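Worksheet: the structure to be examined is printed underneath.
The values are calculated or read from the model by the stated rules, or taken from the named source; none is laboratory data. In this text, all values refer to a predicted model and were calculated from it rather than measured experimentally. Cβ placement follows ideal geometry from the backbone for every residue including glycine, while neighbour counts extend to all protein chains displayed.
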Amino acid sequence: MEKSLFVGGVVSLTTLDYPGHLSTVVFLQGCPWRCVYCHNRHLQSILPTESLPWEDILNLLEIRRGFVEAVVFSGGEPLMQERLLNAIEDVRAMGFKVGLHTSGAFPDRFKCVLPSVDWVGFDVKCSFNDYQKVTNIKDSGIVALESLNILIASKVDYEVRITVFEEMDISAIVEVLKEISTLGVKTVVLQKCRDKGESVVEHAIFSDKLLLEDISKYFDSFHVRG
C-alpha cells in the first residue's frame, strides 16, 4: 500500500519562502528535533487524522498553474516523510519549480531528493558543536553538517538561514557565521525570531550596523530578514 503524505497546512500565495518566485508553501507534519525557539510546534508530530489530503493540494495547485511559479515544501522537517520525493515529482510534473526548507536532519534522504529540487532554504541553528543545546537531540549537529556539505557540493541554488533567537549570544552568532563561511557557504540570511504572538523579537545584533557590515564580507550575499 502506498505511503501517505501528511500535510499540516498550506499557504496558497507567498513571495517570501522562495526568493524571487511567487510560491505556494506546503507544510509537512513531523520533525525529529525539538528546537527551543520552534515557531511551528504544532507540526512536530505526525497526526494522520489532522492531515490535509494530498489530492486537495494538487487540485489547489492545478487552479494556480500559470500564476504560481513554485511549490515549497516546508515543515516541520519535510525530509522526515518518506513520500516527499513522490510529492516533489507530482508538482514537477505540473510544471512548477520546487523549493525545500530543511534543517538537514536526514542526510541520506536529502541527497536523494536534492537532484529534483531547484532551491533550498537550509536552516542552520548554531555552531554544529552546540546543536544539542538548541535541538535537544544528541548528534543533531553531525547530521546537519553532513547535509550542509552535501548541499554545498551539489551546486543546487540555496540560502542558509540562521534564526536569531533571544537567548543567542552575539559571539555565538559570529562564531557560526565564520564556521559556515569556511565551509564555503556563499548566501546567508539572518532571520529575526518571532514570539508566540507573532511579534518580532529584536536582538542586539541587528542594531550593530558595523558588525553586520563586517560579517557581510564573509559572503557573496548577506541579508537580514524579519
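Just one of the listed residues (PHE73, PHE122, PHE110) is without any contact (Cβ under 8 Å) to a residue 60 or more places away in the chain and within 19 Å of LEU190 (Cβ to Cβ), and it is PHE122.
Taking the listed residues CYS38, CYS31, the one that is without any contact (Cβ under 8 Å) to a residue 40 or more places away in the chain, surrounded by 13 or more Cβ atoms within 10 Å (Cβ to Cβ) and under 15 Å from the mean Cα position of the chain (by Cα) is CYS38, with no other qualifying.
Taken over region 64-85, the criterion of being farther than 25 Å from ASP108 by Cα, out of contact with any strand residue (DSSP E or B) (no Cβ under 7 Å at 6 or more places or on another chain) and not in a loop (DSSP other than H, G, I, E, B) is satisfied by ARG65 alone. State whether the residues of region 54-61 include one that is modelled with pLDDT of 95 or more, closer than 21 Å to VAL156 by Cβ, touching a helix residue (DSSP H, G or I) at 6+ places or on another chain (Cβ under 7 Å) and not basic (Lys, Arg). Looking through region 54-61, none of the residues is modelled with pLDDT of 95 or more, closer than 21 Å to VAL156 by Cβ, touching a helix residue (DSSP H, G or I) at 6+ places or on another chain (Cβ under 7 Å) and not basic (Lys, Arg).
Within region 96-118, the residues that satisfy the criterion of being out of contact with any Pro (no Cβ under 6 Å at 6 or more places or on another chain) and outside any helix (DSSP H, G or I) are PHE96, LYS97, VAL98, GLY99, LEU100, HIS101, THR102, SER103, GLY104, PHE106, VAL117, ASP118.
Sub-7 Å Cβ pairs linking a first residue in region 159-183 that is among the polar types (S, T, N, Q) to a second residue that is assigned to a strand (DSSP E or B) and at pLDDT below 95, at least 6 apart or interchain, are THR163/GLN191; THR163/CYS193, ordered by first then second residue. Being within 17 Å of the chain's Cα centre (by Cα), at pLDDT 95 or above, over 29 Å from SER221 (Cβ atoms) and buried (at least 21 other Cβ atoms within 10 Å of the Cβ) is a property that holds for VAL7.
Within region 198-226, no residue that is on the phi > 0 side of the Ramachandran plot sits with its Cβ atom under 9 Å from a residue that is loosely packed, with under 13 Cβ neighbours inside 10 Å and modelled with pLDDT of 95 or more at 6+ positions apart or across chains. Among the residues of region 44-63, those identified as in a helix (DSSP H, G or I) and either more than 16 Å from GLN81 (Cα to Cα) or not aromatic (Phe, Trp, Tyr) (or both) are PRO48, THR49, GLU50, GLU55, ASP56, ILE57, LEU58, ASN59, LEU60, LEU61, GLU62, ILE63. For region 215-226, taking the residues that are surrounded by 12 or more Cβ atoms within 10 Å (Cβ to Cβ) and not polar (S, T, N, Q), the one that is modelled with the lowest pLDDT is identified as GLY226. Taking region 55-98 as the range and being within 14 Å of SER12 (Cα to Cα), under 16 Å from the mean Cα position of the chain (by Cα) and not hydroxyl-bearing (Ser, Thr, Tyr) as the test, the residues that pass are ALA70, VAL71, VAL72, PHE73.
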